[in-house]
Amino acid sequence: MKKIIIADDIVKTFGEGDEQRNVLDRMSVEITESEFVAVMEPSGSGKSTLMFALSGMDGVNSGKVVFDGKDLSAIGDNELSDLRRTEMGFVFQ
């Protein structure tokens with residue numbers, strides 16, 4: 001099956017200096033076409049941060065997120081908005 005989302009070694013950090021914290025720490029995931037995925041973990045574990053990173057709503061500090069062959073860090077805001085509006089679907093809690 002075709003891989004729709006590929007996240008490779010992504011890192012998302014919040015805070016600065018001594019308060020800096022990796023919420024996503026070298027995380028990788030692949031989601032194939034027609035696959036149904038549920039992300040379930042305790043509150044504060046990074047679920048929403050992961051969804052924001054996978055959708056391009058928030059950038060990552062390092063690593064790469066590819067959606068349907070498009071590197072999300074390499075496309076502009078308008079194209080990202082169109083992509084989310086026409087090709088992505090998320091159900092937040």
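The values are calculated or read from the model by the stated rules, or taken from the named source; none is laboratory data. Bear in mind that the values here come from a model prediction, so they are computed numbers and not experimental data. Cβ coordinates were reconstructed from backbone atoms using ideal geometry, including for glycine residues, and neighbour counts include every protein chain displayed.
Would you mind stating whether Asp18 is charged (D, E, K, R) and in a loop (DSSP other than H, G, I, E, B)?
On the way: charged (D, E, K, R): yes; in a loop (DSSP other than H, G, I, E, B): no.
Taking the combined requirement at face value, the residue does not satisfy it.
Right, Phe36: under 14 Å from the mean Cα position of the chain (by Cα) and either without any contact (Cβ under 8 Å) to a residue 24 or more places away in the chain or not in a helix (DSSP H, G or I) (or both) or not?
Details: under 14 Å from the mean Cα position of the chain (by Cα): no; either without any contact (Cβ under 8 Å) to a residue 24 or more places away in the chain or not in a helix (DSSP H, G or I) (or both): yes.
No.
How many residues are of a type in the set (Asp, Glu), within 25 Å of Arg85 (Cβ to Cβ) and more than 12 Å from the chain's Cα centre (by Cα) when one looks only at the range 6-33?
The number of residues fulfilling the criteria is 1.
Which of the residues that make up the range 37-92 are acidic (Asp, Glu) and at positive phi?
The answer is Asp68, and nothing else.
Please go through the range 1-33 and give me each residue that is in contact with a Gly (Cβ under 6 Å, 6 or more places away or on another chain), in contact (Cβ under 8 Å) with a residue 40 or more places away in the chain and not charged (D, E, K, R), ordered by number.
So the first thing to find is which residues in the range 1-33 are in contact with a Gly (Cβ under 6 Å, 6 or more places away or on another chain), and the list is 8-11, 21, 23-24.
Next, from what is left, pick out any that are in contact (Cβ under 8 Å) with a residue 40 or more places away in the chain: 8-11.
Of everything in the range 1-33, those that are in contact with a Gly (Cβ under 6 Å, 6 or more places away or on another chain), in contact (Cβ under 8 Å) with a residue 40 or more places away in the chain and not charged (D, E, K, R) turn out to be Ile10, Val11.
Which residue out of Phe90, Phe52 is closer than 15 Å to Val23 by Cα, out of contact with any Leu (no Cβ under 8 Å at 6 or more places or on another chain), free of Cβ contacts under 8 Å to residues at least 40 places away in the same chain and not hydroxyl-bearing (Ser, Thr, Tyr)? Give the steps one after another, and end with the answer.
On the way: Phe90 fails: closer than 15 Å to Val23 by Cα.
Exactly one of Phe90, Phe52 is closer than 15 Å to Val23 by Cα, out of contact with any Leu (no Cβ under 8 Å at 6 or more places or on another chain), free of Cβ contacts under 8 Å to residues at least 40 places away in the same chain and not hydroxyl-bearing (Ser, Thr, Tyr), namely Phe52.
Just give me the residues in the range 10-26 being out of contact with any Phe, Trp or Tyr (no Cβ under 9 Å at 6 or more places or on another chain) and either within 24 Å of Asp77 (Cβ to Cβ) or of a type in the set (Gly, Ala, Ser) (or both), in sequence order.
Ile10, Val11, Thr13, Phe14, Gly15, Gly17, Leu24
Do any residues in the range 56-73 that are hydrophobic (A, V, I, L, M, F, W, C) and modelled with pLDDT of 95 or more have Cβ atoms under 8 Å from those of residues that are loosely packed, with under 13 Cβ neighbours inside 10 Å and assigned to a strand (DSSP E or B), where the two are at least six apart or on different chains, and which pairs are they?
Val65/Asp71
Any chance the range 45-62 includes a residue that's more than 15 Å from Ser28 (Cα to Cα), part of a loop (DSSP other than H, G, I, E, B), hydroxyl-bearing (Ser, Thr, Tyr) and in contact with a strand residue (DSSP E or B) (Cβ under 9 Å, 6 or more places away or on another chain)?
Yes, the range 45-62 contains a residue that is more than 15 Å from Ser28 (Cα to Cα), part of a loop (DSSP other than H, G, I, E, B), hydroxyl-bearing (Ser, Thr, Tyr) and in contact with a strand residue (DSSP E or B) (Cβ under 9 Å, 6 or more places away or on another chain).
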